[in-house]
1. From His142, His135, grab the single residue that is more than 30 Å from Thr229 (Cβ to Cβ), part of a strand (DSSP E or B) and either without any contact (Cβ under 8 Å) to a residue 12 or more places away in the chain or not aromatic (Phe, Trp, Tyr) (or both).
2. How many of the residues in the range 1-41 are modelled with pLDDT of 95 or more, polar (S, T, N, Q) and surrounded by fewer than 17 Cβ atoms within 10 Å (Cβ to Cβ)?
3. So which residues in the range 46-67 are of a type in the set (D, E, K, R) and within 20 Å of Ile113 (Cα to Cα)?
4. Check whether at least one residue in the range 109-116 is on the phi > 0 side of the Ramachandran plot and not hydroxyl-bearing (Ser, Thr, Tyr), and report yes or no.
5. Quick check, is Gly150 modelled with pLDDT of 95 or more and either among the aromatic types (Phe, Trp, Tyr) or surrounded by fewer than 16 Cβ atoms within 10 Å (Cβ to Cβ) (or both)?
6. Among what's in the range 175-195 and is part of a strand (DSSP E or B) and more than 25 Å from the chain's Cα centre (by Cα), pick the residue that is farthest from Arg34 (Cα to Cα).
7. Restricting attention to the range 196-211, which residues are assigned to a helix (DSSP H, G or I) and either at pLDDT below 95 or buried (at least 16 other Cβ atoms within 10 Å of the Cβ) (or both)?
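The values are calculated or read from the model by the stated rules, or taken from the named source; none is laboratory data. None of the values given here were measured: they were computed from a predicted structure. Note that each Cβ is placed from the backbone with ideal geometry, even for glycine, and that neighbours are counted across all protein chains shown.
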Amino acid sequence: MAKKSGGDWRCVYALDQRRRPVSGSSKELAEAIRHGADLRIYTEFFHDEHINTASTEHELIREVADFRVTYLLESRWTAGIVTLRLPISLPEGFGPRPSMSFFLYNEDGLQGIARPHLDRSRATGKPGPSHIKDHKEMPKYHELENWDEGTNAPSSSFFYEFDVFRFLVNEGWEEVFAHTGDGTVESGSLEALVEGFARGREVKVSVRGLCADMEAPHTGIGHEVFIQTGSCYYYSERKQFIAGSHPVVRVRPAIPLQYMSKGWDFGWLMLRTDGLVVRWLVDPYTLQFQKSQSRHSIRWFVR
């Protein structure tokens with residue numbers, strides 16, 4: 001497994017306001033994600049068109065969002081999810097209710113938002129399709145689907161006509177170990193993973209089929225989910241490596257990747273090099289935690 005040169009960010013794909021490719025390619029983006037690359041997306045918009053439509057300030061805003069969880073679907077389609085953001089109310093501060101802002105972007109510019117509220121207010125609606133708003137005050141915002149309005153976990157699919165989309169990747173990760181769901185080695189070595197971790201290198205994983213239990217019967221969309229880990233541990237006698245993940249948002253696999261009612265959740269993972277993945281997942285409608293486990297093929301990267 002060749003080590004990727006990295007440290008710098010580069011644009012591998014770009015779309016215009018109509019979401020048409022203008023440079024790079026989706027294949028190059030998918031190849032970078034396949035090798036563990038981090039993803040950020042650069043966009044441009046105007047304050048009075050996107051933030052405050054009642055404002056007279058026609059000021060250009062440039063944004064770069066950090067997509068800490070990435071998906072590679074059917075080995076060709078890329079999507080990313082923002083996992084660490086609370087609602088920002090530019091330029092003053094935060095939004096009115098505490099919640100997570102799980103923004104989802106696909107490689108074709110299709111976007112989504114899932115917003116689990118954290119204040120435990122009483123729900124006023126029930127899960128299911130909701131009225132699609134026309135957003136006449138924001139002509140560049142096009143809502144396509146709206147779900148679960150009035151519940152603790154509303155979500156929607158939409159696209160906003162950003163002036164530009166730039167898909168930026170950092171390819172500083174090196175794949176050092178891969179195994180099947182029963183721990184059978186496919187490539188690399190556990191020793192290389194342990195050596196990198198012991199030197200203080202960061203660890204990232206790709207988990208194959210992490211969301212398979214969310215799929216409709218007989219769909220079987222192949223997918224890998226890429227997540228950075230935090231604390232890692234090595235049992236030196238039993239030769240077992242264990243990692244605790246950063247937050248992960250799971251979405252029912254589809255191309256394009258989209259939120260829908262009862263089709264997503266979030267939580268944390270504990271991953272082992274024998275293929276075991278222990279999940280502590282949150283039901284976004286109730287904020288109740290539930291533990292479960294499954295086995296998966298995992299690829300391990302260090303940086």
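1. After applying the criteria, what remains is His142.
2. So the count comes out to 3.
3. Glu49, Arg62, Glu63, Asp66
4. Looking for residues that are on the phi > 0 side of the Ramachandran plot and not hydroxyl-bearing (Ser, Thr, Tyr), one finds at least one in the range 109-116, hence yes.
5. For Gly150, the condition - modelled with pLDDT of 95 or more and either among the aromatic types (Phe, Trp, Tyr) or surrounded by fewer than 16 Cβ atoms within 10 Å (Cβ to Cβ) (or both) - is met.
6. Val185
7. Gly196, Phe197
Okay, residues lined up against (1) within 20 Å of Val164 (Cα to Cα); (2) part of a strand (DSSP E or B); (3) among the acidic types (Asp, Glu):
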site	(1), (2), (3)
Ile41	yes, yes, no
Asp66	yes, yes, yes
Thr83	no, no, no
Leu104	yes, yes, no
Ile113	yes, yes, no
Arg120	no, no, no
